[in-house]
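Participant: I'd like to ask some things about the structure below.
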Amino acid sequence: MSIQEARSRAIGEALDDIRAIEAANGVNRDSLEQIKQRLIRLGQQRDLFPDEDFPLAPEHNGEFFDVLSVDDDGRFELYIEVADQTVDVPPHDHTTWAVVVGIEGNELNRLYDADPEGGTPPTLREEVHVGPGTGVAMMPEDFHSIHMAEGERNMHLHLYGLCFAKLKDRTLYDKETGAYRQFDVALD
Ligand SMILES: [Fe+2]
């Protein structure tokens, strides 16, 4: 079996398990923790994600996302993110559940208590360094920001309960304006 075939099989098996976890337990912190642990196991299979299969090209400007799998109905969208530049994504929600786990490198996830309705700025609750063997899981309303350093190759898996194309009215906090605003474009 080629690495590509082995990767496809491993991804399929992980997503089968994850669909079953969600079907049996619904979407809550406990089920997302189980999903996170299952995705961590996939990310730890380093050999399945060789650098040459996910090369950073000049046109990527130091970061790209590749969809590894998405269900026909748009559910369970799995991305691989590769980056070697400085990445600072502002605090945002997803309106669907989200799990990030490491393959290589270190993606700093800052988790916030946020109150878009009240308009008060997000308050840092926790910092999680996501690398091999670690991950972070978020409910649809949770806010996080993402930070990566230049010069370090980062490979991470991002799994969303629903694909980006179907997400509506996501919210981010804009530090420049000191206000929350809606956005619909892809933003981790
Ligand atoms: Fe995100």
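Participant: For the stretch 56-69, how many residues meet the condition of being in contact (Cβ under 8 Å) with a residue 12 or more places away in the chain and part of a loop (DSSP other than H, G, I, E, B)?
Facilitator: Residues in the stretch 56-69 being in contact (Cβ under 8 Å) with a residue 12 or more places away in the chain and part of a loop (DSSP other than H, G, I, E, B): 3 in total.
Participant: In the stretch 1-16, which residues are among the hydroxyl-bearing types (Ser, Thr, Tyr) and either in contact with a strand residue (DSSP E or B) (Cβ under 6 Å, 6 or more places away or on another chain) or loosely packed, with under 13 Cβ neighbours inside 10 Å (or both)?
Facilitator: Listed by number, the list holds a single entry, SER2.
Participant: Now, a different point. Residues that are aromatic (Phe, Trp, Tyr), at least 1 per element: which strands (runs of 3 or more DSSP E) completely within the stretch 71-157 meet that?
Facilitator: Result: 75-83, 107-115, 143-148.
Participant: Could you please give the count of residues in the stretch 17-43 that are charged (D, E, K, R), farther than 19 Å from VAL130 by Cα and open to solvent by less than 60 Å² (accessible area, probe 1.4 Å)?
Facilitator: Residues meeting the conditions: 1.
Participant: Quick check, is LEU68 aliphatic (A, V, I, L, M) and at pLDDT below 95?
Facilitator: No.
Participant: Somewhere in the stretch 144-160, is a residue open to solvent by less than 20 Å² (accessible area, probe 1.4 Å) and at positive phi?
Facilitator: Pass one, the stretch 144-160, residues open to solvent by less than 20 Å² (accessible area, probe 1.4 Å): 144-146, 148, 154-160.
Of the ones still in play, those that are also at positive phi are none.
No: the stretch 144-160 contains no residue that is open to solvent by less than 20 Å² (accessible area, probe 1.4 Å) and at positive phi.
Participant: Could you grab me the full set of residues in the stretch 148-161 that are within 15 Å of the ligand (Cβ to nearest atom) and modelled with pLDDT of 95 or more?
Facilitator: The first filter runs over the stretch 148-161 and keeps only residues within 15 Å of the ligand (Cβ to nearest atom), leaving 148, 154, 156-161.
Selection gives ASN154, HIS156, LEU157, HIS158, LEU159, TYR160, GLY161.
Participant: Would you call GLY118 over 20 Å from TYR180 (Cβ atoms), over 13 Å from the mean Cα position of the chain (by Cα) and more than 16 Å from the ligand (Cβ to nearest atom)?
Facilitator: no
Participant: Turning to a different aspect of this structure: Do you know which of the residues in the stretch 119-139 that are of a type outside the set (A, V, I, L, M, F, W, C) and touching a Leu at 6+ places or on another chain (Cβ under 9 Å) is least open to solvent (accessible area, probe 1.4 Å)?
Facilitator: Going residue by residue through the stretch 119-139, those that are of a type outside the set (A, V, I, L, M, F, W, C) are 119-123, 125-127, 129, 131-135.
Pick out the ones that are also touching a Leu at 6+ places or on another chain (Cβ under 9 Å) and you get 125-127, 129, 135.
Details: ARG125: 110, GLU126: 87, GLU127: 92, HIS129: 106, GLY135: 9 Å².
Across the stretch 119-139, the extreme among qualifying residues is GLY135.
Participant: Next question, about the same structure. Give me a count of the residues in the stretch 158-188 that are over 12 Å from the mean Cα position of the chain (by Cα), assigned to a loop (DSSP other than H, G, I, E, B) and among the small types (Gly, Ala, Ser).
Facilitator: 1
Participant: So, one more: For the stretch 50-95, enumerate the residues that are of a type in the set (Asp, Glu) and within 16 Å of the ligand (Cβ to nearest atom).
Facilitator: GLU63, GLU77, GLU81, ASP88, ASP93, listed by residue number.
The values are calculated or read from the model by the stated rules, or taken from the named source; none is laboratory data. Just so it is clear, the structure is predicted and the values come from calculations on it, not from any experiment. Virtual Cβ from ideal backbone geometry, glycine too; neighbours counted across all protein chains shown. Protein only, heavy atoms only, side chains kept; ligands, DNA and RNA dropped before computing areas. Shrake-Rupley method; radii C 1.70, N 1.55, O 1.52, S 1.80 Å.
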